[in-house]
Amino acid sequence: MNKLIKIFFVMLLIKKLIWPQMSSNQPSIGYVYPSGGQRGTIVEFIVGGQNIRGARDVYFSNKKIKVISVTPIPPLNPQQKRLLTKNIREIVGSWYRKDFKKPEITYEMEGVKLPNHPLLKDLENKTFDEIKNIIEIFLTPYRTEQIKRSIQEKVLVKAEIASDIEPGVYELKIQTFSGLTNSLNFYVSDVKEVKEKEKIPFFTVFDPPKEVFDTPIIINGQIFPGDIDKFYFNAKKGQKLIIELKGRDIIPFMADAVPGWFQGVLTLYDSKGKEIAFVDDYYFNPDPVIFFEVPYDDEYIIEVRDAIYRGREDFVYRLFIGEKPFITYIFPPGAEKYEEAVVSIYGWNLDTKMIKLNTDLEEDKIYKLNVKPKGLVSNDVCYIINDIQQIDEKEPNDIFKNANFILIPQIVNGKISKKGDVDNFKFKCSKGDKIAIEVYSRRLGYPLDSLILLTDSNGKILAKNDDYFDKSFDILTHHADSYILFEVPKDDVYYLKIIDAQSHGGEEYIYRIRIEKAKPNFDLFVSPSSINIPLGATVPFYIYAVRKDGFDGEIEIYIKDPPEGLTLNGNKIPKGKDKICLTITANSSFISFNNPIPIKIEGIANINGHNIKKVATPCDEMMQAFAYFHLVPVSELLVFVNRRRFSTVPIFLNEINILKIPIGGKVKIEGKTSINPESEKIILEVKEPTEGISIEDIKIENGIISFFVKVDNKVKKGFTGNLIIEVFTEYISEKEKKSQRVSKGFLPAIMFEII
């Protein structure tokens, strides 16, 4: 019974959080395969998603990736798959007949008909490679599986990757008639890339011959249930190979998989079958990496599988094998703003021991760097820029007696260099000061699971923290960095101790501690990254505020340099709130249709007499393992306005600055409407923000609509937010004698306050 209750509340949570997407049938994509290609080549890949049958274009975040063709692939039902399989068997049989005779192809049989699709025309004249391609596109997966609707529809895309594009991670969105999808990663490399060659059941003629790769190489593959992929490669004694699998990096979260991503596992063998290495992660990252110094010339085997033998079309991976430069860590892991900073760099296949950081950047932000010795691009490592001075810890400092003395404000760089290592620091504070102590390690990509304790000069513990949840880094599932905000009780010397909570340690267990008087601030995130608006309509979206060092003030939201015709409503995040639903309207003056338009949403807040501005980071909200939601940052926020094929909301409310509603009372709202109450019924539903607010007494007379917003006694005084109202009409079908309810869209957000 308890389990059923939990499932019910999880489903209720899902319904509450994803109603905007569900109500408008937004197009979405779940995987890209292969998920990248080598620059200077033409690549063909499949995109799997939902509501993408009308795909007409692909939007890349880099214009040096040019689309050649976009071909929707209709899903085949079981009967159509059997018919296509029958035809392929006839074609394969004809290849073996001594007296050549064209195969007898049946495009329709017993009421079952193959789709009228260019790839399925003239099957009898297809080549060996074309038939194999048809099998891979239309009959994959070869095993019977439960249909996953979110990736059931497919689009075949052909694109050209420019030779002068920088290797890296870019993003793609599918463009349909109704708008843009979410973003998925698309990788561009400077290495030869191939696609795995799977055996096709019942068709041994397509069995791939054994292939032994020379390095460097990138192999693109998919893992299906119980699947184990094996690849052969040549290696010579003394080579320092990096064998790196990307799976979770490609698709960070899966809604209906536990733990919520493809958990790849790598096993390395020599030609005699001796196991050399087994790896299932890298630090805390689920994507494994093998560092392999080749002991002898041989033909080696690398095996890829899921940790618990799951699999599906969206279990996509990229496997790199070669002498790629790989940075394991840098120290110190950051620098002071504007100051010249040269840091030590550690790893494999590096041609330098030092690297210069760019410090002319916004403070308190994390940035990425890589190196390119011999033309190959390394992995990315992170560093942070702060606007206060930094020092490095000095050993020994394992006990209070040897604690390093620091002057606030201070950045401290250090390492928990071995198991059981303890680092202590001491500093003076004055009564009434608010001090922020923040550890950066996991957010920089390092394995430390920090635990910090703050004590007074007598050793009394005043505060401690293990894990601090930072919504700015929602890609993490274990928030292992620590944070303390405390008010100093008296003038004294205070001690800070940092350890690894799991008693681990090593050279890579790096930390960077910020200790300073609280510096109230905030970051903003906007979701979704694709806002699709029919012309004349209003759509909702979310802004998230990540508040820092105690800031709880109001934040005003606006579009920076908005294109004509776009209007924002409900554009304030109230005091103390971390999330708000706003609306954006594309009115009749908007002129750029059917093309994605980049926009920037900013926020401004007055903090201690200064106006602080922040640009909102675009994100897509992804579900993990049936219940957890995460914000995954992308590079651009795009608006797509299309000419509406249906009527817009036929209601225009009178202007409202802020709606003040008494507890247990109600307030009347009026406006104009073209709805005829004699032919259709109007229904208004509050979608946000809380229970206890409802709409009643809807009336339409002489083109004037009025209704009341009612608040019950459970809603607290001072509660503020935005009213998001969805409009429905209900028609009575005379033939069927039953009503049909249709969503007409949303009204512009109305700011309110409970008084």
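Just in segment 641-727: which GluC sites (Glu not before Pro) are loop by DSSP and have at most 11 other Cβ atoms within 10 Å?
Sites meeting the loop and neighbour criteria: 655, 678, 691.
List every residue whose amide H lies under 5 Å from the amide H of residue 536, counting only residues 5 or more places away in sequence or on a different chain, with H placed 1.01 Å from N in the peptide plane.
It is 586, 587, by chain and number.
Find, among the trypsin sites (Lys or Arg not before Pro) in segment 249-320, those assigned to loop by DSSP (not H, G, I, E, B) with at most 14 other beta-carbon atoms within 10 angstrom.
272, 274
If Lys and Arg each add +1 and Asp and Glu each add -1, what is the summed charge of the other residues whose beta carbon sits under 13 Å from the beta carbon of residue 424?
-1
Can you give me the orientation-averaged projected area of the convex hull built on the Cα atoms of segment 428-504, in nm²?
The directionally averaged projection comes out at 5.4 nm².
Would you mind getting the Kirkwood hydrodynamic radius of segment 651-754 from its Cα pairs, rounded to one decimal in Å?
Evaluated on segment 651-754, it is 14.6 Å.
Over the Cα atoms of segment 83-230, Rg to Rh with Kirkwood Rh, two decimal places?
When Rh is taken as the Kirkwood radius, the ratio is 1.00.
By what distance, in whole Å, do the Cα atoms of segment 426-473 stretch along each of the three principal axes, largest value first?
Ordered largest first, segment 426-473 gives principal extents of 34, 20, 16 Å.
Taking the dipole about the Cα centre of the chain, with the C-beta of Lys and Arg at +1 and of Asp and Glu at -1, give me whichever of 476, 157, 216 is farthest to the positive side.
Result: 157.
Where does the chain land on the Kirkwood hydrodynamic radius, alpha-carbon pairs, in angstrom?
29.5
Report the per residue volume, in Å³, of the convex hull enclosing the C-alpha atoms of segment 377-465.
Hull volume over Cα atoms, normalised by residue count, gives 133 Å³.
Treating segment 489-552 as a set of equal point scatterers at the Cα positions, no solvent, please give the Debye-formula log₁₀ I(q)/I(0) at q = 0.12, 0.20, 0.21 Å⁻¹.
Cα-only, vacuum Debye calculation for segment 489-552: -0.67, -1.00, -1.03.
If you average 1/r over every pair of different alpha-carbon atoms in segment 390-518 and take one over that average, what Kirkwood value in Å do you get?
The Cα-based Kirkwood calculation yields 14.6 Å.
Among all helices in the chain defined by DSSP H, which have a length of 24 Å or more along the axis from Cα atoms plus a Kyte-Doolittle mean of at least -1.0?
78-96
What stretch of the chain, leaving out the sites themselves, is the longest with no chymotrypsin sites (Phe, Trp or Tyr not before Pro) in a DSSP loop having at most 13 other Cβ atoms within 10 Å?
Between the exposed loop sites, the longest stretch runs 339-468.
Measure up 126/195; 81/272; 154/560; 66/121; 154/365; 419/471 against 32 Å on the Cα-Cα distance and list the ones that go over.
Result: 81/272; 154/560; 154/365 exceed 32 Å.
Please compute the alpha carbon radius of gyration of segment 171-294, then divide it by the globular-protein estimate 2.2 N^0.38 Å. Two decimals is fine.
1.25
Exactly which trypsin sites (Lys or Arg not before Pro) in segment 654-733 are in a DSSP loop and have at most 14 other Cβ atoms within 10 Å?
714, 716, 717
Under 4 °C and 1.567 mPa s, how fast does segment 534-579 diffuse according to Stokes-Einstein, given a Kirkwood radius computed over C-alpha pairs? Answer in µm²/s, whole number.
Here the translational diffusion coefficient equals 104 µm²/s.
Once the other residues with Cβ under 10 Å from the Cβ of residue 234 are scored (Lys, Arg +1; Asp, Glu -1), what is the net sum?
-3
Averaged across orientations, what area in nm² does the convex hull of the alpha carbons in segment 326-386 project?
3.7
Taking +1 at the Cβ of each Lys and Arg and -1 at the Cβ of each Asp and Glu, which of 92, 119, 135 sits farthest along the dipole of segment 78-138 towards its positive end, judged by Cα position relative to the Cα centre?
Toward the positive end, the furthest listed residue is 92.
Please state the equivalent ellipsoid semi-axes for segment 217-376: what are the square roots of 5 times the Cα gyration tensor eigenvalues, largest first, in whole Å?
32, 23, 11
Sorted from largest down, what three extents in whole angstroms do the Cα atoms of segment 354-405 have along their principal axes?
50, 26, 14
Quote the charge dipole size of the chain about the Cα centre in Debye, to the nearest 20; the model charges only the Cβ of Lys and Arg (+1) and of Asp and Glu (-1).
1660
Using the eigenvalues of the Cα gyration tensor, what equivalent ellipsoid semi-axes result for segment 295-447 when each is taken as the square root of five times the eigenvalue, whole Å, largest first?
37, 20, 18
Which of 557, 537, 633 sits farthest toward the positive end of the charge dipole of segment 522-642, with +1 on the Cβ of Lys and Arg and -1 on the Cβ of Asp and Glu?
557
Would you mind computing the Rg to Rh ratio of segment 522-642 from its alpha-carbon coordinates, Kirkwood style for Rh?
0.99
Read-outs: derived from the displayed coordinates by stated rules, not from any lab. As the structure is a prediction and not an experimental result, all values here were calculated from the model. Neighbour counts are summed over all protein chains in view; Cβ atoms, including those assigned to glycine, are modelled from backbone coordinates with ideal geometry.
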